[in-house]
Structure formats: C-alpha cells, structure tokens
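Chemist: Input: one structure, supplied below.
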Amino acid sequence: MSPSSFRNEPLLDFSLHQERERFQRALDEVRAQAAAQQLRAAPLLQGEKKGEGTAHQVRNPSLHSEILGTVQYATSEQADETITSLAAAQEEWRAVGFARRAEIIHQVAVLMRAKREELAALMVLEAGKPWGEADADVCEAIDFCEYYALLAKEMDAPKALMPFLNGEQNVLSYAPKGVAVVISPWNFPLAIACGMTVAALVCGNPTVLKPAEQTSLIAAAFGAILLEAGVLPNAFTLLPGVGEEIGAQLVANPATSLICFTGSRAVGLQILQQASSLTPEQRHFKRVILELGGKNAIIIDDDADFDDAVKGVLYSAFGFAGQKCSACSRVIVVKEAYDRFLDRLTKAAGDLIVGPAHEPATYVGPLIDEESQQRVLQAIEKAKGDLTITLSSPPPTGGSFVSPTIFRDVPDTHELWREELFAPVLCVAPADTFDDALRLANDSAYALTGGVFSRSPSHLAQAREQFAVGNLYLNRSITGAIVGRQPFGGFRLSGVGMKAGGPDYLLQFVEGRTVTENTMRKGFTPELA
Ligand code: NAD
C-alpha cells in the first residue's frame with residue numbers, strides 16, 4: 001500500500017443513539033476505574049513501570065472534586081538512565097528495519113481503534129475535551145500511525161538516482177538520526193504525543209516521550225499500547241515529569257540527537273537555545289523540530305455569507321474553549337459588515353453551552369486547570385480597563401471554566417490582539433477595505449492558521465496569494481486539520497520544521513546517505529567475494 005491509499009479514521013456519529021450510549025458506557029467505566037484507584041501513570045523504562053518518584057493527584061478539570069488517579073513524576077536519575085539505555089538500543093532498533101517498524105506502528109493504530117471509546121473517555125475526563133473533540137483526537141492519533149507507517153515503508157528501499165557518468169550507480173537511503181526526545185503539550189494529549197512519537201520510532205530512533213504534566217494518564221495508556229504493539233521495550237521510554245526539570249534535562253543530554261517539541265513559543269525558544277550548545281564529547285548537532293503557537297485571524301468580507309461565517313468563527317474560536325494552536329483569536333470584519341456581523345456573532349456565542357466536558361451537550365468545556373483559568377480571568381479583567389467588551393457571563397462553578405468572551409474595536413497594538421492567550425477570548429476589529437483586513441491579519445509574529453469568509457473570487461484569490469499562514473482556510477472553520485489531506489504547521493514564530501501529517505514530515509527524523517559507485521571495474525577478480 002502506498003500513502004495515496006491512505007484513508008482517514010471516520011469520526012463517531014453522536015447523533016446516533018447507540019454511539020452515544022457506547023460512549024457514555026466508556027465514560028462510566030473510566031470513572032469506575034478512577035474510583036477504584038486503578039488509573040496511574042509512572043515512568044516506563046525498559047518495559048517496566050518504575051514507582052520511586054513523587055506521586056501527584058490528577059483531577060478532572062470539569063469537576064475539581066473528582067480525583068482521577070495519580071502520576072508519579074520521573075526523577076533526575078531516571079532521565080539520565082533513559083538516554084543512556086536508549087543510546088544502547090540504537091543498533092537493535094535500527095536493525096528491525098523500516099518495513100517491520102511500519103508494521104508495528106500500524107498495529108498501534110489497530111490497538112487504538114479497538115480502544116477508541118476508552119481512550120477518548122479518558123481524555124474527556126483528564127483534559128476536559130468535549131466528546132466530539134476527544135473522539136477527533138483519537139482519530140487523528142490513529143491517522144498519524146497509519147499515514148507514517150505507509151510513508152516509512154516507502155523509505156525502506158534505497159532509491160536509485162540518475163547516473164552522472166556511464167557505469168555509475170547512485171543510491172539514496174535513509175538511516176535513523178539517533179536518540180529522540182519528544183516533548184508534548186496537553187491540548188492534543190493523544191494525537192500530538194502519538195504523532196511525534198511514532199514518527200521518531202518508525203524511522204528507527206529510540207525515543208523518550210515526556211508528556212505534559214496535565215495529561216500523563218492518557219500518555220501512560222498510549223505508552224502501554226506502543227509496547228503491546230511490539231515496540232521493543234528498550235527503544236521506548238515514557239517519562240512523566242516537570243517540563244522545566246525532566247524536559248530540560250533530556251534536551252541538554254549530549255547523547256540526545258533529535259528533539260521534537262510541540263508547545264509554547266517561550267519553551268520552544270529555550271529548547272532551541274539549549275540544544276545549540278555543544279559539549280566537548282558531542283559529535284553531532286541536535287536537530288530541533290518545533291511546533292508552536294498562533295494568533296490566528298479570520299477575515300469577514302462585506303459580502304460574506306453570515307450563516308456560514310458565524311458558525312465557522314464560533315467553532316474556530318470557542319471549540320475546546322479556544323485551547324488549540326489553530327484557534328481563531330482575532331476576527332477582522334470589512335467595515336460595511338462590521339456591526340451586523342458582530343451583533344450576530346455575539347448573540348450566537350452567548351447561546352453556546354458552557355459546562356463539564358463529560359456532558360454530551362457541552363460546546364465550551366473547562367480550561368485545562370485552575371492556573372490557566374486564573375491567568376485568563378486576570379487577562380480579561382485587565383483588558384476590560386481599556387477595551388469594550390460585548391460578551392461576558394459568569395462561568396459555571398466546580399471546574400476551571402471561562403465563558404466565551406468577546407472584545408470589540410480592539411486596536412492592533414493591544415496585548416490581547418498580539419499575544420496568544422489560549423482561551424475562549426476573541427478580539428474583533430473593523431478594517432476599511434479587504435486589503436486593509438489582509439494587512440492587519442498578516443501583521444503578526446505568528447503564521448499558523450488563517451481564514452477568509454468571502455463570496456468574491458478575486459478576494460479569495462488575493463488571500464491565497466497574500467495571507468501569510470501555514471494553513472489557510474477559505475469559507476470554513478480554521479481548526480481540525482486532517483492528516484494526509486491538510487498537512488499542518490506554520491512559519492515565522494509558529495515553528496521550525498516540516499508539516500505534521502504531510503509527505504515530508506518523516507524526513508526530519510532520518511539522515512540521508514548517498515552512495516556513488518563506479519561499476520566500470522578494470523579487470524576481473526573472481527577469487528574476491
Ligand atoms: P508548554 O510549552 O507550557 O508545555 C509543552 C511541554 O513542554 C510540556 O510537556 C511541558 O512539560 C514541557 N516543558 C515546559 N518547560 C520546559 C523546558 N524548560 N524544557 C523542556 N520542556 C519543557 O505548552 P502547553 O501549555 O502544554 O501547550 C500550549 C501551547 O502549545 C500553546 O502555545 C499552543 O499554541 C502550542 N501548541 C502548538 C501546536 C502546533 O502544532 N503548532 C499544537 C498544540 C499546541
């Protein structure tokens with residue numbers, strides 16, 4: 001099978017009674033396991049769970065009184081031990097070969113598919129992801145496995161290239177890069193952790209996954225699946241732990257060859273700086289892949305279809321409470337449409353259901369934790385001092401909720417217009433013309449996603465040419481990129497590297513080797529092998 005035969009995992013259809021019932025049963029089962037204290041994450045080293053680190057409680061962000069389980073953070077010794085043991089496993093994992101590793105990663109997808117409701121239910125409870133979003137996260141994880149497995153199979157056979165001279169043979173092949181450190185965020189706790197990890201593994205790199213502190217339980221479930229699928233126990237380590245400590249230590253280790261990070265700009269920059277320092281014993285540069293944030297804008301043209309545009313903005317800005325790197329946090333409306341659009345948007349956003357992620361009707365779930373909630377509430381209070389707020393309502397209690405909030409006429413110099421907040425908070429501003437709207441949209445340090453709602457073919461063509469983002473969406477929402485169809489990733493300060501879920505992604509995890517042989521031998525020596 002080639003990558004062109006790839007098919008995406010279909011989403012569950014929660015309009016069907018039986019699918020809703022099955023999902024509710026999965027939630028009940030995970031909660032029963034939590035009540036029986038069966039959910040635990042701990043360092044997984046050489047296939048064994050290690051328990052000597054400090055244990056921390058995991059709480060449901062929708063219901064802080066509910067304790068889901070415990071996570072044991074890795075120790076500093078375990079971080080060093082990990083890199084040493086992964087370095088020792090390099091040859092064995094390389095020798096498994098691309099084709100067999102691809103089969104193993106395909107098996108990871110098979111196992112995740114069999115447990116899809118259970119994995120999504122755990123995500124609903126641990127990350128506060130509403131049902132549909134959690135299901136989409138699992139599907140994306142399955143897609144990454146299937147897609148990268150297909151790409152890896154194509155990397156197996158050395159590629160014959162054109163000769164330059166008669167009798168010359170040129171061959172390009174790929175070898176693993178070395179020990180890979182994967183550091184993942186909490187907002188796509190399965191899909192992103194899985195995508196980065198299986199990309200590194202399928203290319204033959206022994207890999208350690210350091211998941212975000214907030215979503216260690218789902219990472220532990222994923223780690224168990226990797227081993228069950230056949231990843232060699234010495235080629236994969238899971239190290240739950242504090243980013244500033246364990247993450248930084250893994251990055252700094254001289255035997256680390258590759259760092260694959262998704263998260264905030266501040267941490268990404270630290271990693272880039274730390275990885276660039278060379279120790280005397282080091283004989284390689286560390287390769288760093290960074291997928292960072294965005295300050296994504298949607299432009300509403302004066303002829304836009306408001307029915308589509310309101311729906312598209314709502315989902316892009318408030319789906320998963322705005323906690324997506326691709327989320328829309330700026331809306332720029334061409335001035336003839338400004339008041340009418342803002343009125344429609346504000347009324348519709350006011351009707352969104354805010355509540356616990358485990359309730360099927362919830363549209364806007366909680367923020368990931370109380371720290372995030374406090375940070376966002378403070379930012380809103382501060383902005384109220386100098387901006388006009390058009391939508392704000394008291395959030396539900398019991399979890400880390402923030403209700404959808406909209407500020408209007410936000411100047412392009414304001415902090416809320418320029419900095420990523422990662423919350424259901426939207427800035428809206430008018431533009432004199434479509435040209436002006438594009439100028440405002442592009443005036444950002446980030447270049448991740450963007451969107452345009454317009455019925456004008458010439459404006460859509462102009463956006464295709466001039467809207468400087470990695471993923472541009474026309475007349476639709478701007479989140480939810482699909483593996484293999486919409487390779488995902490930005491430029492400027494949104495990241496460094498190839499697009500995830502795209503045909504070039506795996507090339508970052510290997511070293512290319514070209515061998516040129518002159519086959520026009522002079523003489524014949526049959527006695528030599
Ligand atoms: P974060 O940067 O706080 O944490 C990400 C990971 O880095 C966590 O595992 C954390 O423990 C670890 N970490 C923290 N400090 C570290 C250090 N000094 N050294 C090494 N590791 C360290 O980000 P977050 O809050 O988990 O995620 C939200 C951010 O991620 C947002 O900025 C969002 O835009 C971004 N994001 C980007 C993409 C993308 O594909 N571009 C996707 C999802 C999220």
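Chemist: Which entries of Lys115/Lys324; Lys49/Lys153; Lys153/Lys522 show an alpha-carbon separation above 28 angstrom in the structure shown?
Modeler: Lys49/Lys153; Lys153/Lys522
Chemist: Angle check, please: helix 191-202 long axis (alpha carbons) against the longest principal axis of the chain (alpha carbons), in degrees 0 to 90, nearest 10.
Modeler: Taking the Cα atoms of the chain, the angle to 191-202 is about 10 degrees.
Chemist: Can you pull the one-decimal nm distance between simple spin-label points at Thr279 and Asn8, each 7 Å off the Cα toward Cβ?
Modeler: 4.3 nm
Chemist: Straight-line reach from Lys286: which lysines have Cα under 24 Å away, leaving out those fewer than 8 places along the same chain?
Modeler: Counting by Cα, and skipping residues close in sequence, Lys286 has these lysines nearby: Lys177, Lys210, Lys499.
Chemist: Just how far, in whole angstrom, is segment 434-507 from segment 212-241 if you go by their alpha carbon centroids?
Modeler: 32 Å
Chemist: Can you give the calculated 222 nm mean residue ellipticity of the chain, where each DSSP H run of n ≥ 4 adds -39,500 (n - 2.57) and the sum is split over every residue, rounded to the nearest 500 deg cm²/dmol? Spell out each step's value before the answer.
Modeler: Numbers: 15 runs with 201 residues, N = 529.
Rounded to the nearest 500, it is -12000 deg cm²/dmol.
Chemist: What number comes out for the charge environment of Glu66, summing +1 per Lys or Arg and -1 per Asp or Glu over other residues with Cβ under 12 Å away? Numbers along the way, then the final one.
Modeler: Details: positive: Arg31, Arg59; negative: Glu126.
With Lys, Arg at +1 and Asp, Glu at -1, the neighbours total +1.
Chemist: Still on this structure: Show me the ranking of peptides 162-171, 288-297, 476-485 by mean Cβ neighbours inside 10 Å, starting with the highest. Don't skip to the end; give the middle numbers.
Modeler: Numbers: 162-171: 11.0, 288-297: 25.7, 476-485: 19.9.
Ranked by mean Cβ neighbours within 10 Å, highest first: 288-297, 476-485, 162-171.
Chemist: Collect residues whose amide H, placed 1.01 Å from N in the peptide plane, falls under 5 Å from the amide H of Gly69; neighbours closer than 5 in sequence don't count.
Modeler: It is Val58, by chain and number.
Chemist: Pulled fully out, how much extra length does the chain show between His17 and Leu528, if you take 0.36 nm times their separation in residues and subtract their Cα-Cα distance? If you can, show how the numbers build up before the last one.
Modeler: Details: separation 511, 0.36 × 511 = 183.96 nm, distance 7.24 nm.
Length gained, His17 through Leu528: 176.7 nm.
Chemist: Rounded to the nearest 0.05, what FRET efficiency do Lys115 and Ile482 give with R0 = 25 Å and r taken as the Cβ-Cβ distance? Could you check? Display every interim value, and only then the final one.
Modeler: Numbers: r = 22 Å, r/R0 = 0.86.
With a Förster radius of 25 Å, E is 0.70.
Chemist: Between Lys382 and Ala88, how many nm apart are label points set 7 Å from Cα along the C-beta direction?
Modeler: Once both label points are built, they end up 4.9 nm from each other.
Chemist: Between Ile353 and Val515, what length in nm is gained on full extension when 0.36 nm per residue of separation is reduced by their alpha carbon distance?
Modeler: Additional length available on full extension: 52.3 nm.
Chemist: Set the Förster distance to 30 Å, then compute FRET efficiency between Ala95 and Glu154 from the Cβ-Cβ distance, nearest 0.05. Can you show the working numbers first?
Modeler: Numbers: r = 20 Å, r/R0 = 0.65.
Step by step, r from the Cβ atoms, then E = 0.95.
Chemist: Report the Cα centroid-to-centroid distance between segment 23-73 and segment 343-411 in angstrom, as an integer.
Modeler: Measuring centre to centre over Cα atoms gives 28 Å.
Chemist: Could you work out the per residue convex hull volume over the alpha carbons of segment 296-474, in cubic angstrom? Could the numbers behind the result be given before it?
Modeler: On the way: hull volume 19.0 nm³, N = 179.
For segment 296-474, the hull spanned by Cα atoms encloses 106 Å³ per residue.
Every number here is computed from the coordinates shown, using simple stated rules; none is lab data. These numbers come from a predicted model, not from an experiment. Backbone-built Cβ (ideal geometry, glycine too); neighbour counts: all protein chains shown.
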